[in-house]
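Student: After the C-alpha cells below, expect a handful of questions from me.
Read the figures in this text as sums done on the coordinates, not as results from a lab. Predicted, not measured: the structure shown is a model, and the values here were computed from it. Glycine also receives a Cβ, built like all others from the backbone with ideal geometry; neighbour counts cover every protein chain displayed.
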Amino acid sequence: MPTYRLLIEYDGTEFGGWQVQAGGRTVQGVLLATLRELTGERQLDLQGAGRTDAGVHALGQVASLRCRRTLDPARLARELERELPPDVVVLEVRQAPKGFHARHDALARAYRYQIARRRSAFGKRTTWWIAGELDVEAMARGAAAFVGRHDFHPFARRAKEAESTLVEVEALEVAAVGDFVLLRLVASHFLWNQVRRMVGTLVAIGRGEARPDDVSQWLSGAARPPLLAAPAAALFLEAVRYPDEPWELPALAPIGVPWVRGIPAKC
C-alpha cells in the first residue's frame, strides 16, 4: 500500500483533540472524512505523530496516510486546500517510504507554550494570561532541572495507562519576549498532560509559590508537584523530528497575537 506524509497546521480551539472520538469533532476525524471523499476509499489509515488534547494547536503535526490507490501528492494537496475547513491546513503532501509511521518513527517532538503578561483582546485562543510578576530567571533554573531522562509519573494525568513513564527531555527553553514568556519543550515523547503540568509547575516557580530546587524533589517523588495544569489554548505542537532529516527550530516569538519586539511587559 502506498504511504504518504502530511504536514498539518491547525487551530485546536474547536476540536476535541487529534484522535477520532465517538460523537466529537477531532482533527483526525475531519481529515479522514475529507480524504475519504477525495480518494473514494473507506479503509484509510491516518496516524499522527502527536495525539494533541482538546484545544491544543499544531504548527507542524505530521501524519502518515496509507491507502490502496496511488495518489498524486500535489493534486491531493490542492484538493485538501479547497475542501478542508479553515481551522485545518495541510501544508505539504509527499510520498513516504514504505512502512513509514508518523508516530512510531518520530525521534522527538517539540512543543511551544505562550504565557501573556498583559491582557490582550486577541490572546484568549492562543495564550495563558497571567496577571502580576513572573520571575523568568527562576523559571529558567527550574526548567533546566527537567532536562534529562526522568520518571515523569508525577506529571502525567493517566500515568498508569502508559507503557513507561520514563521520558528523555532534550531541552526546555524559557524566554521573555516583550509582553510574553515563551517556553519550548523538546523530548522523545510526552505523557498525557505532561507538558501542561510541567508548565504549571514552572509558573508556580515564577510566582514564588515554589523554588527551582523543588523540581528534583518532584521528579524523585520526595514531594508532590503543584497540581496546576496550564490551559490547553496556549500549547502548540511545533515540530516533529525524524531520522536523517535536518532539525532546526526558529527563534521563539509569539504566535497568533500582536506584539512589539523589545517593549517591556505591563504588569
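Student: Any chance you could run the full-extension gain for Glu209 through Glu245? It's 0.36 nm times the residue separation minus the Cα-Cα distance, nm to one decimal. Before the final figure, lay out the partial values.
Tutor: On the way: separation 36, 0.36 × 36 = 12.96 nm, distance 4.12 nm.
So the chain would gain 8.8 nm between Glu209 and Glu245.
Student: If you wrap a convex hull around the Cα atoms of segment 3-95, how much volume per residue is inside, in Å³? Display every interim value, and only then the final one.
Tutor: Details: hull volume 7.8 nm³, N = 93.
Spread over its residues, the Cα hull of segment 3-95 gives 84 Å³ apiece.
Student: Along the positive direction of the dipole of segment 108-241 (beta-carbon charges: Lys, Arg +1; Asp, Glu -1; about the Cα centre), which of Ala144, Ala175, Ala121 reaches farthest?
Tutor: Positive-end residue among those listed: Ala121.
Student: Something else: Which whole-number percentage describes the relative contact order of segment 73-229, with Cα contacts under 8 Å and a sequence gap of 6 or more? Write down the numbers at each step before the final one.
Tutor: Details: 244 pairs, mean separation 37.5, N = 157.
Here the relative contact order equals 24 percent.
Student: Using θ = phi - 60° and the Karplus form 6.51 cos²θ - 1.76 cosθ + 1.60, what ³J(HN,Hα) does each residue of segment 120-133 get, whole Hz, x for Gly and Pro?
Tutor: 10, 5, 10, x, 4, 7, 9, 9, 10, 7, 10, 7, x, 6
Student: Here's something else I'd like to know. Please return the longest range in the chain lying between exposed loop sites, taking GluC sites (Glu not before Pro), DSSP loop only, at most 15 other beta-carbon atoms within 10 Å, and leaving the sites out. Mind showing how you got there, number by number?
Tutor: On the way: sites that count: Glu41, Glu133, Glu163, Glu209, Glu248.
By the stated rule (loop sites, at most 15 other Cβ atoms within 10 Å), 42-132.
Student: Could you check the spin-label model distance between Arg42 and Ser120? Points 7 Å from the Cα along Cα→Cβ, value in nm.
Tutor: It works out to 4.6 nm between the two label points.
Student: Now, a different point. Quick one: length gained pulling Glu14 to Met1 fully straight, 0.36 nm per residue minus the C-alpha distance?
Tutor: Numbers: separation 13, 0.36 × 13 = 4.68 nm, distance 3.27 nm.
Separation in residues times 0.36 nm, less the Cα-Cα distance, equals 1.4 nm.
Student: Determine the dipole magnitude for the chain: charges of +1 sit on the beta-carbon of Lys and Arg, -1 on that of Asp and Glu, nothing else is charged, the reference point is the Cα centre, and the result goes in debye to the nearest 20. Can you show the working numbers first?
Tutor: Working: 35 positive and 31 negative charges, 93 e Å.
Rounded to the nearest 20 debye, it is 440 debye.
Student: Please report the Cα spread of segment 33-86 along all three principal axes, rounded to whole Å, starting with the longest.
Tutor: Each principal axis gives a Cα extent; for segment 33-86 these are 31, 22, 17 Å.
Student: Something else: What percent does the relative contact order of the chain come to when contacts are Cα pairs within less than 8 Å and at least six residues apart? Each step should come with its number before you reach the end.
Tutor: On the way: 586 pairs, mean separation 61.9, N = 267.
It comes to 23 percent, rounded to a whole number.
Student: Let me ask another. Based solely on its DSSP helices, what 222 nm [θ] is calculated for the chain when runs of n ≥ 4 H residues each add -39,500 (n - 2.57) and the sum is averaged over all residues, nearest 500 deg cm²/dmol?
Tutor: It lands at -6000 deg cm²/dmol.
Student: Here's something else I'd like to know. How large is ³J(HN,Hα) for each residue in segment 95-108, as worked out from phi by the Karplus curve 6.51 cos²θ - 1.76 cosθ + 1.60 (θ = phi - 60°), to whole Hz, x for Gly and Pro?
Tutor: So the Karplus estimates, Gly and Pro as x, are 5, 10, x, 4, x, 4, 10, 4, 7, 5, 8, 5, 8, 7 Hz.
Student: Expressed in whole Å with the largest first, what are the equivalent ellipsoid semi-axes of the chain derived from the C-alpha gyration tensor as the square root of 5 times each eigenvalue? Numbers along the way, then the final one.
Tutor: Details: eigenvalues 230, 90, 50 Å².
Semi-axis lengths for the chain are 34, 21, 16 Å.
Student: On to the next question. If one takes the longest principal axis of the Cα atoms in the chain, at what angle in degrees, from 0 to 90 and to the nearest 10, does the Cα axis of helix 136-146 lie?
Tutor: The helix 136-146 is inclined about 60 degrees to the chain.
Student: What is the pair-distance distribution P(r) of segment 108-241, computed from all Cα-Cα distances in 5 Å bins starting at 0, with each bin given as a whole percent?
Tutor: For segment 108-241, the binned pair fractions read 2, 11, 22, 25, 21, 12, 5, 1, 0 percent.
Student: What dipole magnitude, in Debye to the nearest 20, does segment 108-241 give about its Cα centre under +1 on Lys/Arg Cβ and -1 on Asp/Glu Cβ? Don't jump to the answer; show the numbers that get you there.
Tutor: Numbers: 19 positive and 14 negative charges, 107 e Å.
Computed charge dipole of segment 108-241: roughly 520 debye.
Student: Out of Gln61, Gln114, Gln95, any idea which swings most in a Gaussian network model of the chain, alpha carbons joined below 10 Å?
Tutor: Gln95
Student: If the chain between Gln217 and Val89 were fully stretched, how many nm would it gain, using 0.36 nm times the residue separation less the Cα-Cα distance?
Tutor: Working: separation 128, 0.36 × 128 = 46.08 nm, distance 4.20 nm.
That pair, Gln217 and Val89, stretches by 41.9 nm at full extension.
Student: Could you list the trypsin sites (Lys or Arg not before Pro) in segment 146-226 that lie in coil according to DSSP, counting only those with at most 12 other Cβ atoms within 10 Å of their Cβ? Intermediate results must be reported in sequence, preceding the final value.
Tutor: Working: sites: Arg149, Arg157, Arg158, Lys160, Arg184, Arg196, Arg197, Arg207; in loops: Arg157, Arg158, Arg207.
When the trypsin sites (Lys or Arg not before Pro) of segment 146-226 are filtered for loop state and at most 12 Cβ neighbours within 10 Å, Arg158 remain.
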